[in-house]
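Undergrad: This is the structure I have questions about; it appears just below.
What follows is calculated from the coordinates using simple rules that are stated; it is not laboratory data. Because the structure is predicted, anything quoted here is derived from the model rather than measured. Quick reminder, even Gly has a Cβ in these numbers, built from the backbone with ideal geometry, and neighbours come from all protein chains shown.
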Amino acid sequence: MSEKHGSLKVEIVTHREGETASQTFDYHLRAKDERPMALDVLLQAQATSMPELAFRYGCRARNCGVCTIDVNGRPRIACRARVRAGDTISPMATLPVLSDLVVRRDGIARQLRGRLMSGGQGNALNVEAPDTYHDLTACIECYACLDKCPMHARNFADGLPGEMNNDLPDPAQGYRWGNPFSLLKLQRIRIDPLTTEVGRGTALDHAIELGLDACVGCPGCKCGIGINLKGDVIKPLMDAAGERLLSP
Ligand code: SF4
Ligand code: SF4
Ligand code: FES
């Protein structure tokens, strides 16, 4: 690897088979003024000194959402997050780690499985859907919004999975408590013009069962790509739930 443009040291933290390891990687800049993305660092590390390093990526264009990792403890989309010297890259703290930087995503997908809200109709004809509906379809399922969500944290009473707590709920069962992403999915169903009245009610019931009460007094959640979670997801759900959030 050429040294001519200088290098940048980044800490890469991995979890594998119950062990946490931290390694300083010297990223060799490909141009003098390069500001590499976290994904560039991981790809170069894997191609040089860390051949077994496991991480996930797909589109490399902020479309698929599967590359999310933590940079300095906060979730970032690896193909779009620039890193600086001294930064630390680690697996998402909000989900259990499979290996190195790869986390299990199935606990959230299973949470909504089997709850068909639109009475069996497809939703290919969203011609009358409100603008908000289309805004919500922009979600790339990166799960960055799980960060600091007290509802999601209820799943891990003894600490977040990124802390390598082995006594975790089994993702294969689907997590008991929800998160901003699950609520976005449910709110999208509620405002889909093809959803039946019954389906709308079921979606709201499900949001409440997932722990919508945790949103009362919560400062709100942040989307990795700028979807207005607070205004377009949480508020309408809470408005619809009304006093049901205060009932025991
Ligand atoms: S507003 Fe609700 S979904 Fe968003 S972070 Fe708070 S508890 Fe989680
Ligand atoms: S709502 Fe935003 S942060 Fe959450 S999964 Fe979707 S795109 Fe990612
Ligand atoms: S690789 Fe698809 S969003 Fe990063």
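Undergrad: State which residue is surrounded by the most Cβ atoms within 10 Å (Cβ to Cβ) when the search covers only segment 43-67 and only residues that are of a type in the set (A, V, I, L, M) and within 14 Å of ligand 3 (Cβ to nearest atom).
TA: Out of the qualifying residues, it is V66.
Undergrad: May I ask you to list pairs of residues, at least six apart or on different chains, whose Cβ atoms are under 8 Å apart, with the first in segment 94-108 being surrounded by fewer than 19 Cβ atoms within 10 Å (Cβ to Cβ) and the second being acidic (D, E) and assigned to a loop (DSSP other than H, G, I, E, B)?
TA: Sorted first by the residue in segment 94-108, then by its partner, the pairs are S99/E17.
Undergrad: Being within 30 Å of A81 (Cβ to Cβ), touching a Lys or Arg at 6+ places or on another chain (Cβ under 6 Å) and not in a helix (DSSP H, G or I): is that true of G226 here?
TA: Spelling it out, it is not the case that G226 is within 30 Å of A81 (Cβ to Cβ), touching a Lys or Arg at 6+ places or on another chain (Cβ under 6 Å) and not in a helix (DSSP H, G or I).
Undergrad: Can you tell me which of D40, D70 is assigned to a helix (DSSP H, G or I) and buried (at least 19 other Cβ atoms within 10 Å of the Cβ)?
TA: One residue alone meets the criteria, D40.
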